[in-house]
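This report refers to the structure that appears directly beneath it.
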Amino acid sequence: MSTLTATWDWLADPAHWSGDNGVWHRLLQHLLLTVVCLVLSCLIALPVALVLGHLGRGGALAVNISNVGRAVPTFAVLVLLLLTPVGNWGEGPTVVALVLFAVPPLLTNAYVGMREVDRGVVQAARGMGMTGRQLMFHVELPLSLPLLMNGVRIAAVQLVATATIAALAGGGGLGRIITAGFNLASTPQVVAGALLVAVFALLVEGGFEIAERLGPAWARGGR
Amino acid sequence: MTAAPDDCLARNEWICGAYLSSRRGILLDAVVQHLQLTALSVLIGLLIAVPLAVLARRWGWAAGPVLALTTILYTIPSLAMFSLLLPLYGLSATLVVAGLVLYSLTLLVRNLLAGLRAVPEETRQAARGLGYGPIRLLLTVELPLALPAAMAGLRIATVSAVSLVTVGAIVGYGGLGNLVYAGMNTYFKAQVLTASVLCVLIAVAADLLLLGVQRLITPWTRAARG
């Protein structure tokens, strides 16, 4: 119980919230890192998945890539990048590693979503004389949106989690509060940092859940 | 004074045969620790997940809370998870195992439950008609039919656990992650690359092994497909 009260004391101390190592600054870094990486990985993964899904090609690659992604330890990739020339670009290694880890779930979910669009609907659209482009943007994309958004949500939560590990390799973000706590042998600080990260990850998950509920009925996943 | 040896270790190259031969003992210890941590946590996870899934299947009201709780656990980042358990277990291997068990629970419970739910009602009724009691029904009909889905979950959980063990380096029990962490601090390229590659190899080997086991214990799925 003493750890809990000590953690509360740590969190209640305004000195821990301000400054370059303070909670607000770390939270902002974490948020910025997550958003930048999510946007970058969407820009890379979604066009590829949509085109592959529309053409129905490269399915094995699109589906298996997320299994491969799971087997590669994030932490190891971060450290590997850190030791290459990329390591000299400041936040470069963190951004590259995070994008590498967000791309697989995005790609797999968007591709599966495109392929699971009812073939009857696709054929009807073709029969009405839609071009490939119209078919992709007006039929397949809207119908695959629930699975695609599910991929974005998985990627976002994974990014929040992985951005924490970035601290182990000297990156910014909330993970730094935890690693600093370990270095100071301060259990309250470690637990406080962990609580902040966990709450942040749950808030992101909850945010997507709410967005999904508020979205139009046809865009809701049937999960 | 002797001149520094001019080998790949001194030049700090990525791929280095001398590293492999001179640090064989360290590498072997790390691999063994990695395997132990992974196997222990997945096994404990399985022992907890099976009763949870069976209970959630039997009493419908329990399914919601069980799934919600395990999903929340999965959302917590691994570094945070290890840190949150710190006051309970201190800096120990138990801490890493406890964290990994909590992660594998989500994947295992979800897949087991999906497998149990996919057992056709007619099959269940046929077994009841043959005079099967609830326990015999569960052990000889429902669980075997849920095996393919359960094995899929087990494979994902194992591969994830292999990669997550590396984060345990923060408390000094990360198997190959320890070597990556130490290599990062000393810019030892060969050590980081070797440990990372070994880690991926372990994940792939574990996945293939479980796939083989799955084929052996569920021969009917192959017959049905072929």
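The values are calculated or read from the model by the stated rules, or taken from the named source; none is laboratory data. All of these numbers come straight from a predicted model, not from anything done at the bench. Please note: Cβ atoms are built from the backbone with ideal geometry, for glycine as well, and neighbour counts cover all protein chains shown. Quick note on the areas: whole protein, heavy atoms, side chains included, nothing else; ligands and nucleic acids left out. Shrake-Rupley method; radii C 1.70, N 1.55, O 1.52, S 1.80 Å.
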* Answer yes if at least one residue in region B:96-106 is farther than 20 Å from B:T71 by Cβ, surrounded by 15 or more Cβ atoms within 10 Å (Cβ to Cβ) and within 14 Å of chain A (Cβ to nearest Cβ), and no otherwise. => yes
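Condition first: hydrophobic (A, V, I, L, M, F, W, C), modelled with pLDDT under 85 and on the phi < 0 side of the Ramachandran plot. Can you find one or more residues in region A:122-131 that meet it?
Taking region A:122-131 and keeping what is hydrophobic (A, V, I, L, M, F, W, C), we get A:122, A:124-125, A:128, A:130.
Still in the running and modelled with pLDDT under 85: none.
No, region A:122-131 contains no residue that is hydrophobic (A, V, I, L, M, F, W, C), modelled with pLDDT under 85 and on the phi < 0 side of the Ramachandran plot.
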* Asked: Restricting to region A:176-192, what's the tally of residues that are under 20 Å from A:L80 (Cα atoms) and touching a residue at least 24 places away in the same chain (Cβ under 8 Å)?
  -> 1
* Structure fact -> Here the residues within region A:95-121 that are away from chain B (no Cβ under 14 Å) and polar (S, T, N, Q) are A:N109
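With the structure loaded, tell me whether B:A157 is more than 9 Å from chain A (Cβ to nearest Cβ), open to solvent by less than 20 Å² (accessible area, probe 1.4 Å) and at pLDDT below 90 or whether it fails that test. Talk me through it step by step, then tell me what you get.
Details: more than 9 Å from chain A (Cβ to nearest Cβ): yes; open to solvent by less than 20 Å² (accessible area, probe 1.4 Å): yes; at pLDDT below 90: no.
No, not satisfied.
Rundown of residues vs (1) open to solvent by less than 50 Å² (accessible area, probe 1.4 Å); (2) assigned to a helix (DSSP H, G or I); (3) modelled with pLDDT of 90 or more, yes/no style:
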residue: B:I15; (1), (2), (3): no, no, no
residue: B:S21; (1), (2), (3): no, yes, no
residue: B:V31; (1), (2), (3): yes, yes, yes
residue: B:T38; (1), (2), (3): yes, yes, yes
residue: B:I44; (1), (2), (3): no, yes, yes
residue: B:I48; (1), (2), (3): no, yes, yes
residue: B:A63; (1), (2), (3): yes, yes, no
* Structure fact -> When every residue in region A:82-94 that is without any contact (Cβ under 8 Å) to a residue 60 or more places away in the chain and more than 10 Å from every other protein chain (Cβ to nearest Cβ) is compared, the one farthest from B:I15 (Cα to Cα) is A:G90
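For (1) open to solvent by less than 10 Å² (accessible area, probe 1.4 Å); (2) more than 14 Å from every other protein chain (Cβ to nearest Cβ), each residue gets a yes or a no:
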site	(1), (2)
B:L86	no, no
B:E122	no, yes
B:A126	no, yes
B:Y132	no, yes
B:L138	no, yes
B:E142	yes, yes
B:P148	no, yes
B:S163	no, no
* Extreme residue, farthest from the other protein chains (Cβ to nearest Cβ), among residues of region A:170-197 that are within 19 Å of the chain's Cα centre (by Cα) and modelled with pLDDT under 85 -> A:G172
* Could you pull out every one of the helices (runs of 4 or more DSSP H) wholly within region A:1-88 that has 1 or more residues that are in contact with a His (Cβ under 7 Å, 6 or more places away or on another chain) and open to solvent by less than 40 Å² (accessible area, probe 1.4 Å)? => A:2-12, A:23-55
* Structure fact -> Subset of region B:174-199, residues touching a helix residue (DSSP H, G or I) at 6+ places or on another chain (Cβ under 8 Å), open to solvent by 20 Å² or more (accessible area, probe 1.4 Å) and either over 16 Å from B:I15 (Cα atoms) or basic (K, R) (or both), comes to B:N178, B:Y181, B:A182, B:K189
* Asked: Restricting attention to region B:201-226, which residues are buried (at least 17 other Cβ atoms within 10 Å of the Cβ) and within 13 Å of chain A (Cβ to nearest Cβ)?
  -> B:I202, B:A203, B:A206, B:D207, B:L210
